[in-house]
Each structure stands twice: as structure tokens, then as C-alpha cells.
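Shown next, in C-alpha cells, is the structure this report addresses.
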Amino acid sequence: MALMRKSRQPKWNRRHLLGLRELTAEEITYILDTAEGFEQVSRRSVKKAPPLRGKVVVNLFFEDSTRTRTSFALAANRLSADIIEFTKKSSSVSKGETLLDTARNLEAMGIDIVVVRHGAGGAARLLSRNIKACVVNAGDGFCEHPTQALLDVYTIRKIKGSLEGLKIAIVGDIAHSRVARSDMWAMTKLGAEVIFVGPPTLMPGQVNRLPVKVSHSLDEVIEEVDVVNMLRIQFERLGGNPFPSIREYSHYFGLTVDRMKKTKPDILVMHPGPINRGLEMESEVADGGNSVILEQVTNGLAVRMAVLFLVNQAAAMEK
Ligand code: NCD
């Protein structure tokens, strides 16, 4: 009997996806497995499935986005939800309305899921505590970007079979990167070893408390890693100059054709986008045979379908 009750426990019961720090390896794996099931919807001639029919998803983006925003919109469409696009520039936020007031007004119109991107860390959590709709974090300050990390680990798992025992370098502006943080949680929980690589000025405070190794030299680690994830320098979040010149940064931390000659032959080259070609990565590398950057984008769709589906299902179960 006890066994039966246990097997009936849902594998996912969260109405919100705020970050990966709080998720177990089993929950992360469950999202990835669910995403695998959704991949085939995008291969059909009619690219639609019905699970979110009659539901309303709002893309509430206070920061710019190309991939994440489009990917969530497409994911909502493929699940048959209605999608509302909200941008800071054309809304009453420019007249001084707060995040909470904005969300509460949207909620008064009967929305079911809010996908939120905001420059302030904790914005998604704040919303989740104050509105009834499901909240999905699409990037908050430099705290977390859970769906980016989920699509990263999904891509690695798909190609390498598993993350267990892999060595993964995350390179560049770690201090200001929500991708690095979410990646770190997802990758280590799934059994990979993560090395943060970058100049000391771009490392987060108290980095030694995080479950990662730290290196200040890309050359020191490039030969041994299975995956390298190159980050964009978050110029919009930088105060002051963290390195003497862009040229010098590229020289020490850029993924160049020359450096690629030293890597394992099957190394995966990743980047969350947008790429600054010639800065964190040479064009030949971004477009080269080891690059899986566009596969990441493709996989993001199935992952976001899974996330929207699962939070909606958890909300339905609570009712
Ligand atoms: C990332 C972001 O916004 O945090 N982009 C993305 O979502 N694909 C990374 C970045 O902007 O550098």
C-alpha cells in the first residue's frame, strides 16, 4: 500500500519555475524527459498539441531578448495557449507603474502563466508570492536563468548521453551571468564537474563557496574539458573596467581557432547568445563543426514547452 502511494506521487508539483538551485536532480531530469516527448510535436506537419488550450501565457519582458522571448512564445503557441506580448517600452511601466502593479493588472484579465524577465534579481520570486498565476523565470538580474540552463543540459545529454563525469568549462563574465549560475546548479546536480574560467575581476564574490573549480586561464583547462560554454560579457551590468582592453580579454579568454587545436576532438562548443563575434569567440569557431549553438536554440523550444506544460499541470492539480 505504502509502495502504491509512493508510486502515485507526482514527479513534478511546482506551479512556478524560479530557479534550478532549489530543484532536485530528479526534477531536472523529469523536465528533460518531458521535453524529449515534446520534440516530436515540432516535427509534425501541424505543429500543435492541445494541452494548454484555453490558457493565457504572458511574456512579461523588462529586458531585451531575442531567443528566450520568441522561444517561449512559440512554445506557448505549439501547446495551443494564447500568448500576450508585453514590452517595457510600449507599456505603462514607462509611466512609472511597478512590476507588481503591472502583473496584478494583467492577472485581473485572467492570465494563467507569467513568463518574466527582469533586471532585478528575485523579481520572479516576488511575483510568485503575490499573484495567483504560475510564474516562470526567464532571467532575473544576474541570479538565475533556469530555462537556458535546462536547454544547455538537454543539449549536452542528447549528444553525450549523460552529464555524469563530464568536465565543463564556463568561460568569461561569470560575475554578471545568470546563465553561469543556473548552469552550475543544473550541471553539478546531474553529475558534471564545472570549472568557472575568467579573470579574477569577473568572478563572483565568495566563489569558493560554490560547487565549482575556478581557473584564471583558459589554456590551463581547454585540453581536458568535454564542453565549453562561452559567455557574453554583460556590458550593461558592468560598473567600471574589469579588464584593461577587449583585445587583451580575447587574447586570454577568447575561443580562437588556435585554441580549438588543443581541445578534445569531440568537445562541444556552446554559447547562450547573443554572441559578440571576435570577442568571446572567433566566427570560425562559432560556425565550426564542434559548435552546437543553434542546436541549443532548437532544443530550447521543447524544453520551454515542457516547462509551461508542467507548471500548468501542477497548478491544475492544486485546484
Ligand atoms: C542570456 C541572458 O539574457 O541572460 N541570453 C539568453 O537568454 N539567451 C545571456 C546573455 O544575454 O548574454
Practice prompt. Using the Kirkwood radius over Cα pairs, work out the Stokes-Einstein diffusion coefficient for the range 1-130 at 4 °C and 1.567 mPa s, in µm²/s as a whole number.
Written response: 77
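Explain nothing, just the number: dipole magnitude of the chain about its Cα centre with +1 on each Lys and Arg Cβ and -1 on each Asp and Glu Cβ, in debye rounded to the nearest 20.
Details: 43 positive and 36 negative charges, 269 e Å.
Dipole magnitude for the chain comes out near 1300 debye.
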Fill in: Nearby aspartates and glutamates by direct alpha-carbon distance to LYS48 (threshold 13 angstrom, same-chain neighbours under 8 apart not counted)
GLU39, ASP82
Discussion item. Treating only the Cβ of Lys, Arg, Asp and Glu as charged (+1, +1, -1, -1), what charge dipole size does the range 146-293 show about its Cα centre? Round to the nearest 20 debye.
Written reply: 400
Practice prompt. Would you tell me the accessible area of HIS145, worked out with a 1.4 angstrom probe on the heavy atoms of the protein chains, in Å² to the nearest 10?
Written response: 10
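Take the Cα atoms of the range 146-293, build their convex hull, and give its volume per residue in Å³.
On the way: hull volume 14.8 nm³, N = 148.
So the per-residue Cα hull volume is 100 Å³.
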Response to the item:
Counting only residues 5 or more apart in sequence or on a different chain, those whose built amide H sits under 5 Å from that of HIS271 are MET230
Response to the item:
Amide H contacts under 5 Å for ILE84, restricted to residues at least 5 apart in sequence or on another chain and with H modeled in the peptide plane, are VAL57, VAL58, ASN59
Item to complete: Before anything else, pin down the relative contact order of the chain: Cα pairs under 8 Å, at least 6 apart, normalised by residue count, whole percent.
Response: 21
Response to the item:
In whole Hz, the Karplus estimates of ³J(HN,Hα) for the range 127-133 (6.51, -1.76, 1.60; θ = phi - 60°; x where Gly or Pro) are 4, 4, 7, 10, 10, 8, 5
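May I ask you to give the percent of accessible area on the range 77-200 that is carbon plus sulfur, with a probe radius of 1.4 Å? Intermediate results must be reported in sequence, preceding the final value.
Details: 2300 of 4420 Å².
So the carbon and sulfur contribution to the accessible surface is 52 percent.
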Worksheet item: How would you order 93-103, 62-72 from highest to lowest mean count of nearby Cβ atoms within 10 Å?
Response: 62-72, 93-103
Discussion item. 5 Å is the cut-off here: which amide hydrogens, built 1.01 Å from N in the peptide plane, fall below it relative to GLY119, excluding neighbours closer than 5 in sequence?
Written reply: GLY141
Worksheet entry | Karplus 3J(HN,Hα) series, Hz, for the range 249-264 with 6.51 cos²θ - 1.76 cosθ + 1.60 (x for Gly, Pro) | 4, 4, 4, 8, 10, x, 8, 9, 4, 4, 5, 4, 5, 9, 7, 4
Fill in: Whole-Hz ³J(HN,Hα) from phi, Karplus 6.51 cos²θ - 1.76 cosθ + 1.60, for the range 30-36, glycine and proline x
5, 4, 4, 5, 5, 4, 4
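Tell me, in nm to one decimal, what length is gained between GLU164 and SER217 on full extension, where the rule is 0.36 nm per residue of separation less the Cα-Cα distance? It would help to have the intermediate numbers written out before the result.
Values: separation 53, 0.36 × 53 = 19.08 nm, distance 2.43 nm.
Between GLU164 and SER217, full extension yields 16.6 nm more.
The values are calculated or read from the model by the stated rules, or taken from the named source; none is laboratory data. Since the structure is predicted, the reported quantities are computational estimates derived from the model, not experimental observations. Note: ideal-geometry Cβ built from the backbone for every residue, glycine included; neighbour counts use all protein chains shown. Protein only, heavy atoms only, side chains kept; ligands, DNA and RNA dropped before computing areas. Shrake-Rupley method; radii C 1.70, N 1.55, O 1.52, S 1.80 Å.
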